[in-house]
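A.B. asks: Input: one structure, supplied below.
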Protein chains: 2
Amino acid sequence: MSKKVVIIGGVATGMKTAARLRRLDKDAKIIVLERGQSLSYGACGFPYYISGEVKSFNSFDHTPQGILRDSEYFRTVKGVDARTGCNVTKIDRASKTVTYETQEGEQVLAYDKLVLGTGATPVKLPLPGADAQGIHSFWFPWDVHAVEDEINARKVTDVVIIGAGFIGMELAENFAKRGLKTSVVEMQDRVLPQLLDKEIADLLLPTIKKNNIKLCLNEKTVAFEVTNGIVSGVKTDKQVIPAQLVIVAVGVRPNVELAKACGLAIGPTGCIAVNEYMETSDPDIYAGGDCAENTHIISKAKVFTPMGSTANKHGRVIAGNICGQAIKYPGVLGTGICQIFDMEAGSTGLNERTAKLAGIEYKAIVTPGNDRLNYMPGVGRIVVKMLVEVGSQRIIGVQAIGKNVSKRIDTMVTAMSFGATLQQVANLDIAYAPPFNGPIDNLGTAANCLGNKLAGRFNGINPKDFEAMRAQGGYLFLDVRTAPEVSRNRIAGIPNFVNIPLGELRQRLDELGDKDQFIITSCQIDLRGYEAETILRQAGFTNAHSLEGGMSGWPYATEHD
Amino acid sequence: MSKKVVIIGGVATGMKTAARLRRLDKDAKIIVLERGQSLSYGACGFPYYISGEVKSFNSFDHTPQGILRDSEYFRTVKGVDARTGCNVTKIDRASKTVTYETQEGEQVLAYDKLVLGTGATPVKLPLPGADAQGIHSFWFPWDVHAVEDEINARKVTDVVIIGAGFIGMELAENFAKRGLKTSVVEMQDRVLPQLLDKEIADLLLPTIKKNNIKLCLNEKTVAFEVTNGIVSGVKTDKQVIPAQLVIVAVGVRPNVELAKACGLAIGPTGCIAVNEYMETSDPDIYAGGDCAENTHIISKAKVFTPMGSTANKHGRVIAGNICGQAIKYPGVLGTGICQIFDMEAGSTGLNERTAKLAGIEYKAIVTPGNDRLNYMPGVGRIVVKMLVEVGSQRIIGVQAIGKNVSKRIDTMVTAMSFGATLQQVANLDIAYAPPFNGPIDNLGTAANCLGNKLAGRFNGINPKDFEAMRAQGGYLFLDVRTAPEVSRNRIAGIPNFVNIPLGELRQRLDELGDKDQFIITSCQIDLRGYEAETILRQAGFTNAHSLEGGMSGWPYATEHD
């Protein structure tokens, strides 16, 4: 007898499960119940519709050939019975049925296997004025239409986005490109706080500023100002920012009400608990996508990492397992990437905050470089931060900002998925040609530098740590760049600054004096700085350090002579 | 007592070994003997000097700050004694000395450890006329200067490049950009024959043609035409191509004469044999870079893979091992990448030819797609070919052409270095956002399709196999695209062509007739083609196949209605 599979949720996980399942099993009865009116839409691209970079909303719910992915499409093309406007109200595990409401009334469906792809819902801010017109989430198709309608219908000139995560920053770029005066309010001290450590996130600030986005970090939204029922401003703990449109992008929470109500286990993240086969605590019920928890490959912790890419993989794994393939889903690395104008920012694995939370003893390094051979047309900067576990030398996290970040992140996703050590990454046979890379690629450089740091051959100081000590002094700052470079720019406000070009350093060591003093060497990217630090140490200086990242990795104040 | 290290060769491996060694050991006596006048130059960028994309030759042998990397630089900055114009004539392993000639006469140097970084030399074509003026290799700095001088001094309008490998194709692009009439003659049946299988290489042909490069495949050069001592044409077995300048880029051979003469073991590739510590058969002598053999990570075969990136890694490993670090070099994947105008072509691991040579039973697949979400600005095509070992499901090779190839190659370099299976690659937590990827990335798609092929759920036919049977018929060709797509383009000369859009197929199966006939389904990228194949099989058709890559992966004749 053919098995009956009911799938709740018809977007990423749900429709992927359904389509794959049909290809694996011609006889299965597959019914998808979707609450909304749209199936299998691509929400990830919504921000780009705001700027007009994506011209038609059809891009999100039609095939590239212009065919709407509706129930008819799924029936004829995929052989799947996908029903919209079906609000599931109850799962009865004892009788193996789901109850759902439609405009025609309540219906009950029996299942052999049930799949929960119920997704997530944006978090709202329960603040005074939150019900005013003009305050929106940006998650569902109707959010996009509502925002678009408001911009067109009212004289919207000022938009405030609350939250500087992925969606917030993507929206900021696209609102700015549309010509709206755009502000972003973020409670934390940095943009993309889930992804980036502070000193890396701060390297994005010039780009944000240059593109006229007002960024308000360390600011808590406390209320919305409302005029005639319409939002007119965002009140933070520091100021009021005028706005005729507000997007609340402070995160999402998994939709687990149905799962909870039928007694399925909920994990520590608040997501539906699943094992590596994506089975819930009931072996006849699977869960995937934003509503299901993931296991972090490095920390082994349960994490809530809602991503369309993960949801699609979950769907494929679930379909396979319903058909007896016993596919294990390996978990996630919390990978994320974001385009911010001409900068890319990405991260995978643990950052300093999450590494500390996981109790992992680590060392980290910041290494800037060029995204290709330094003399090639189009060359740009990329700054890589890498974290390694002390002892195992296993890499536990990588962040990068700048140009051609995505390929470095994808490479490290792969490396970390296999537990790669520093030396393994340094010796990868990465594709090399001048338009793509230097002969030692940026990841190799980071791994090599971090190896030197672990071995005590490199005493790097992180930019944010140096920023904390910069003004108070108590160190000699030895800039080993050439005189023209130093006259172009230098770190501001250093009490004890000396410039000796690297080529002269071995001959001029006597000028430095006390061999036990705290010396910090520096250059443009800390390649020469590291060389100088080594020269000092080999010459008997006992307290030599260098500034990781040099000028290229320095996000704070500079002087231009 | 400080150890004495002599290094023969002062380019990539040699200078990397020397610089790293100094940082690891302040006391070592380090002497580099370089035959030429230039140290540590970056030959990989030479082709881009021809077009003027790289404006100054200083880019190759100066630091980014404009300091020449000469003996003085290496002495003051790196603490290394690097001597140019030193032609080593003999290694005496018994007395542990090397003999070398300079303008001042013969010298003898003792060593504790010797490093051979003797590089490679371009292969010459011993053909009639080969000594004429205007026929050059393109490998050493003096080659570049000679070519540049000749273009400027004589009325060079026509250049012929012999060999369509990396250097040949990079040169072709750069000569064409300079405005010279450029031809490439290649004995084999494809461009980049080391890297690409035929049907992938052929996808580059429209780009080569569009950029006015005359490409002569399957043509053997037999002589050079010479007028007044200067080359005037290249004679192949098919034609004479006028040329005032000829570049011979048919490969290089390792410089192993010194190693051979002193009795070091030479490997099956003709390179100096080394173990995983880069030690030669004499434990006091290391070899690295182009003169040393590599071990292929997949096939385990010894290979000759001269690459600047590999040479740098070798140097670092050798320096570490001289200092007792016991670093194992893991080998190579034969990775290569090449920019050809707006196309990228890359490869890593085995291709069909080398997989067969290695005796590995494999399956392969060709999967085209978009390099990012299909509706994003700047989207372009990428075609991925993936090879998997039958049984182990271990991926053994990947090729790709199109846009944003390098990140897919680097990701697969990493995956294959760890023995990744199809399922592991399909479930990687690749960085996903619309400007960078689709929710299922191109590598995931390739891995999934190949998994289906292995499991017998997908009967893909490779484009070149279909091309071989196209005209003779004996099959029904079922194009499941929409009518407008079919009217835009279709494969030429198919005897039995039927168009049923995928959405109508389930309803129109009766039109197809005999369920045992040979049917080939197809669409734009073979996503719908695969769906159609599945529908046919599930409906009882016993001989359903689909054309891998569809129109997007089809390099051969098309009809435009």
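The values are calculated or read from the model by the stated rules, or taken from the named source; none is laboratory data. Worth saying up front: this structure is predicted, and the values here are computed from it rather than measured. Cβ coordinates were reconstructed from backbone atoms using ideal geometry, including for glycine residues, and neighbour counts include every protein chain displayed. We work out accessible area using only protein heavy atoms, side chains counted, and drop any ligands, DNA or RNA first. Shrake-Rupley method; radii C 1.70, N 1.55, O 1.52, S 1.80 Å.
A.B. asks: Right, A:Pro122: over 30 Å from A:Glu344 (Cα atoms) and either open to solvent by 30 Å² or more (accessible area, probe 1.4 Å) or out of contact with any Leu (no Cβ under 9 Å at 6 or more places or on another chain) (or both) or not?
C.D. replies: no
A.B. asks: When you scan the stretch B:324-340, how many residues do you find that are more than 8 Å from chain A (Cβ to nearest Cβ), within 17 Å of B:Ala201 (Cβ to Cβ) and open to solvent by 10 Å² or more (accessible area, probe 1.4 Å)?
C.D. replies: Going through the stretch B:324-340 one residue at a time, the tally reaches 0.
A.B. asks: The conditions are (1) at the interface with chain A (Cβ under 9 Å from one of its Cβ atoms); (2) of a type in the set (A, V, I, L, M, F, W, C); (3) under 21 Å from A:Asn437 (Cβ atoms), and B:Leu24 fails exactly one of them. Which is it?
C.D. replies: Just one mismatch for B:Leu24, condition (3).
A.B. asks: Let me ask something additional. Checking the structure you have, find out if any residue of the stretch B:398-421 is within 28 Å of B:Asn459 (Cβ to Cβ), surrounded by 21 or more Cβ atoms within 10 Å (Cβ to Cβ), of a type in the set (Ser, Thr, Tyr) and at the interface with chain A (Cβ under 8 Å from one of its Cβ atoms).
C.D. replies: Yes, the stretch B:398-421 contains at least one residue that is within 28 Å of B:Asn459 (Cβ to Cβ), surrounded by 21 or more Cβ atoms within 10 Å (Cβ to Cβ), of a type in the set (Ser, Thr, Tyr) and at the interface with chain A (Cβ under 8 Å from one of its Cβ atoms).
Condition check ((1) out of contact with any helix residue (DSSP H, G or I) (no Cβ under 8 Å at 6 or more places or on another chain); (2) open to solvent by less than 20 Å² (accessible area, probe 1.4 Å); (3) within 26 Å of A:Pro306 (Cβ to Cβ); (4) in contact (Cβ under 8 Å) with a residue 24 or more places away in the chain) across all residues:
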| position | (1), (2), (3), (4) |
| --- | --- |
| A:Leu33 | yes, yes, yes, yes |
| A:Phe46 | no, yes, yes, yes |
| A:Val77 | no, yes, no, no |
| A:Ala82 | no, yes, yes, yes |
| A:Val88 | no, yes, yes, yes |
| A:Arg93 | yes, no, yes, yes |
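A.B. asks: When you go through (1) within 14 Å of chain B (Cβ to nearest Cβ); (2) under 20 Å from A:Ile167 (Cβ atoms) one by one for A:Phe74, which number turns out not to apply?
C.D. replies: Failed condition: (2).
A.B. asks: Residue by residue through the stretch A:341-375, note down the ones that are among the aliphatic types (A, V, I, L, M), under 20 Å from A:Ile525 (Cα atoms), open to solvent by 10 Å² or more (accessible area, probe 1.4 Å) and more than 11 Å from chain B (Cβ to nearest Cβ).
C.D. replies: Correct list: A:Met343, A:Ala364.
A.B. asks: Also: Test of understanding: among A:Ala311, A:Ala319, which residue is touching a helix residue (DSSP H, G or I) at 6+ places or on another chain (Cβ under 9 Å), farther than 19 Å from A:Thr269 by Cβ, assigned to a helix (DSSP H, G or I) and open to solvent by less than 10 Å² (accessible area, probe 1.4 Å)?
C.D. replies: So the residue among A:Ala311, A:Ala319 that is touching a helix residue (DSSP H, G or I) at 6+ places or on another chain (Cβ under 9 Å), farther than 19 Å from A:Thr269 by Cβ, assigned to a helix (DSSP H, G or I) and open to solvent by less than 10 Å² (accessible area, probe 1.4 Å) is A:Ala319.
A.B. asks: Would you check if there is a residue in the stretch B:423-443 being under 22 Å from the mean Cα position of the chain (by Cα), surrounded by fewer than 24 Cβ atoms within 10 Å (Cβ to Cβ), without any contact (Cβ under 8 Å) to a residue 12 or more places away in the chain and more than 30 Å from B:Val498 (Cβ to Cβ)?
C.D. replies: Looking for residues that are under 22 Å from the mean Cα position of the chain (by Cα), surrounded by fewer than 24 Cβ atoms within 10 Å (Cβ to Cβ), without any contact (Cβ under 8 Å) to a residue 12 or more places away in the chain and more than 30 Å from B:Val498 (Cβ to Cβ), one finds none in the stretch B:423-443, hence no.
A.B. asks: Being assigned to a loop (DSSP other than H, G, I, E, B) and without any contact (Cβ under 8 Å) to a residue 60 or more places away in the chain is the filter; apply it to the stretch A:227-244 and report the residue that is least open to solvent (accessible area, probe 1.4 Å).
C.D. replies: By that ranking, first place goes to A:Gln239.
A.B. asks: Which pairs have Cβ atoms under 6 Å, sit 6 or more apart or on different chains, and link a residue in the stretch A:169-184 that is closer than 18 Å to A:Asp342 by Cα to one that is open to solvent by less than 10 Å² (accessible area, probe 1.4 Å) and of a type in the set (Gly, Ala, Ser)?
C.D. replies: Filtered contacts from the stretch A:169-184: A:Thr182/A:Ala172.
A.B. asks: I'm trying to understand the selection: among the residues of the stretch B:279-295, which are part of a loop (DSSP other than H, G, I, E, B) and over 23 Å from the mean Cα position of the chain (by Cα)?
C.D. replies: Of everything in the stretch B:279-295, those that are part of a loop (DSSP other than H, G, I, E, B) and over 23 Å from the mean Cα position of the chain (by Cα) turn out to be B:Thr280, B:Ser281, B:Asp282, B:Pro283, B:Asp284.
A.B. asks: Let me ask another. Against the conditions (1) over 15 Å from A:Glu34 (Cβ atoms); (2) among the acidic types (Asp, Glu); (3) in contact with a Phe, Trp or Tyr (Cβ under 9 Å, 6 or more places away or on another chain), where does A:Asp92 fall short? Just the number, please.
C.D. replies: (3)
A.B. asks: Which of the helices (runs of 4 or more DSSP H) contained wholly in the stretch B:146-226 include at least 3 residues that are modelled with pLDDT of 95 or more and surrounded by fewer than 21 Cβ atoms within 10 Å (Cβ to Cβ)?
C.D. replies: In the stretch B:146-226, the matching helices (runs of 4 or more DSSP H) lie at B:166-178, B:205-210.
A.B. asks: Any residue in the stretch B:78-92 that is among the acidic types (Asp, Glu), over 25 Å from B:Val317 (Cβ atoms) and modelled with pLDDT of 95 or more?
C.D. replies: yes
A.B. asks: Would you mind stating whether A:Thr305 is open to solvent by less than 40 Å² (accessible area, probe 1.4 Å) and in a loop (DSSP other than H, G, I, E, B)?
C.D. replies: yes
A.B. asks: Let me ask something else. Inside the stretch A:422-438, can you point out the residues that are part of a loop (DSSP other than H, G, I, E, B) and at the interface with chain B (Cβ under 7 Å from one of its Cβ atoms)?
C.D. replies: A:Asn427, A:Leu428, A:Asp429, A:Ile430, A:Ala431, A:Tyr432, A:Ala433, A:Pro434, A:Pro435, A:Phe436
A.B. asks: Still on this structure, I have one more. Working only within the stretch B:257-273, note down all residues that are outside any strand (DSSP E or B) and under 12 Å from B:Gly117 (Cβ atoms).
C.D. replies: B:Leu258, B:Ala259
A.B. asks: Output the number of residues of the stretch B:48-59 satisfying the condition of being at the interface with another protein chain (Cβ under 8 Å from one of its Cβ atoms) and in contact (Cβ under 8 Å) with a residue 24 or more places away in the chain.
C.D. replies: Looking only at that region, the number is 2.
A.B. asks: Now a separate question. Give just the number: which of (1) crowded, with 18+ Cβ neighbours inside 10 Å; (2) over 20 Å from A:Leu33 (Cα atoms) does A:Pro128 not satisfy?
C.D. replies: (1)
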